[in-house]
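Reviewing the structure listed below.
A short reminder: the numbers here are calculations on the coordinates, not readings from a lab. Keep in mind that this is a model prediction, so the values were computed, not measured. Neighbour counts are summed over all protein chains in view; Cβ atoms, including those assigned to glycine, are modelled from backbone coordinates with ideal geometry.
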Amino acid sequence: MKTHSDERQETPSSRVARPLRRGRRGWAAGAARAALASSAAVLALGCVLEIDAPGATGSGGAGGSGTASGGAGGSGTASSGAGGEGGAASSSASGGSCPGETDCPGACVDTGSDPANCGACGNACAAGESCCEGTCADPSSDGLHCGACGHGCQGGLCSDAACQPVVLAAAAGAPLAVAVDATHVYWTHRDTDEIMSAPIDGGEAVTIAESCPSFGIEVSATDATWTCAELGTVTRAPLEGGEPVPLATGLNLPMGLALDSTSVYVGDDSAVKRVPIGGGEAVQLAVGSGSRRLEIDDTHVYWTNADASTIRKVPIGGGEDVILATGYFESHEVALDATTVYWTTPGEGPSVGSVNKVPKAGGTPVALATGQASPFFIAVDGTHVYWVNVAGGEIKRVPVDGGEAVVVISGVSPNDLAVDGTSIYWTDESGFVMKLAK
């Protein structure tokens, strides 16, 4: 399986005023002569006269520019005067000159992503490596940065810059329907009639209940609910395990189902029905043979009617059903996002299948991918539609707004498909429950 000083300064007037004020308080009898002598000496040096009995303090030298240090302090004008303070050093060489970056010699750099200064100035990554979060990584083999920085393989290996799938469970026989929540993956089993779960990060698989081969499973915060086509039932059991509870009986080959807080919605071979979440009489919402897969939002149930080659919707509380699209031969699978309905159509021949969409409110259907080899199982996240090409043995995806369809993985035989924010999950005919990082 492949896959960046304000220096308070004195004015000349303030320097003259200060010694004059002090001089009025402390001049002695010979001050005039001393002042004249000092004046002559100062004038001889070409300086401004400052008179101060105890000696004036010299002014500070100018601050150094660039990365230089501050200038030297001025000397006192009298024998007891103190030297002035040195000028302030410029701050351009400090960290303030490279906000959010590191000052490496000659440049401000991001050591989190610069391959020549990865993690520290001068720490260069080897040829073929990238600097990812301050660490040099080989994107062709690094499981945390596979193909690109930050693209983790969710526990899988990275080979040729592509994440490889992870086996979450090995089953004796073929697992069928699959569902996923924030912590676990759930599946049904064709050969052992078990309803099972395993942690999505890896761990022991456990049996929730024993029932029958099921082609539809959904989970809530507390329970798993599944259909049993051969018995015509919908059944529920606690996720932690326990006695299964029948919710509905007497259905005609039920397969697809969906849940909200009050009801279970079921598609069987003759109708779409609603069953109370705690069990009870099934209420028919719409009639139509081949109603085997369905999804819900807050207002409607959406399903494919394979026999009539239509995609339809009906209010969850009951009412008139509406055809959203028609002429799609043998469409079985449907998926939803906030605004759109997506479905697969295998078509009448090899490599003539399509993946399509139509607004929930109605409109013109659009083909997202054509020429597909028997597309069937389908799932959608916020950006892509994923599906299984049964005849091609591959999982593919295409942007929800249209674009190039690409192979995610080949050489597989999925029996169902689910996605979450980071990964793709599928049950495989070979007996494995698999996960692959997106």
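Extending 7 Å from Cα along the Cβ direction at Asp160 and again at Glu101 yields two label points whose distance is 3.8 nm. When the alpha carbon gyration tensor of region 211-359 is reduced to an equivalent ellipsoid, its three semi-axes come out at 26, 16, 14 angstrom, largest first.
Over 30 Å apart at the Cα level, from the set Lys313/Lys396; Lys273/Lys396; Lys273/Lys357, are Lys273/Lys396.
The calculated FRET efficiency for Ala124 paired with Asp401, based on their beta-carbon distance and R0 = 45 Å, is about 0.65. Once the chain from Ser430 to Ala308 is taken as fully extended at 0.36 nm per residue, the excess over their C-alpha distance is 40.6 nm.
Relative to the current alpha-carbon distance between Ser351 and Ser270, full extension at 0.36 nm per residue lengthens the span by 26.2 nm. Annotation for region 315-382: GluC sites (Glu not before Pro) lying in DSSP loop with at most 15 further Cβ atoms inside 10 Å of their Cβ are Glu320, Glu348. The packing ranking, built from the mean of other Cβ atoms within 10 Å per residue, places the peptides 124-132, 100-108 in the order 124-132, 100-108, highest first.
Above 20 Å, the calculated P(r) of region 327-438 contains 34 percent of its Cα-Cα pairs.
Residue separation of Glu133 and Thr183 scaled by 0.36 nm, minus their Cα-Cα distance, works out to 15.3 nm of gained length.
Rounded to the nearest 0.05, what FRET efficiency do Glu210 and Ala116 give with R0 = 60 Å and r taken as the Cβ-Cβ distance? Could you check? Result of the calculation: an efficiency of 0.50.
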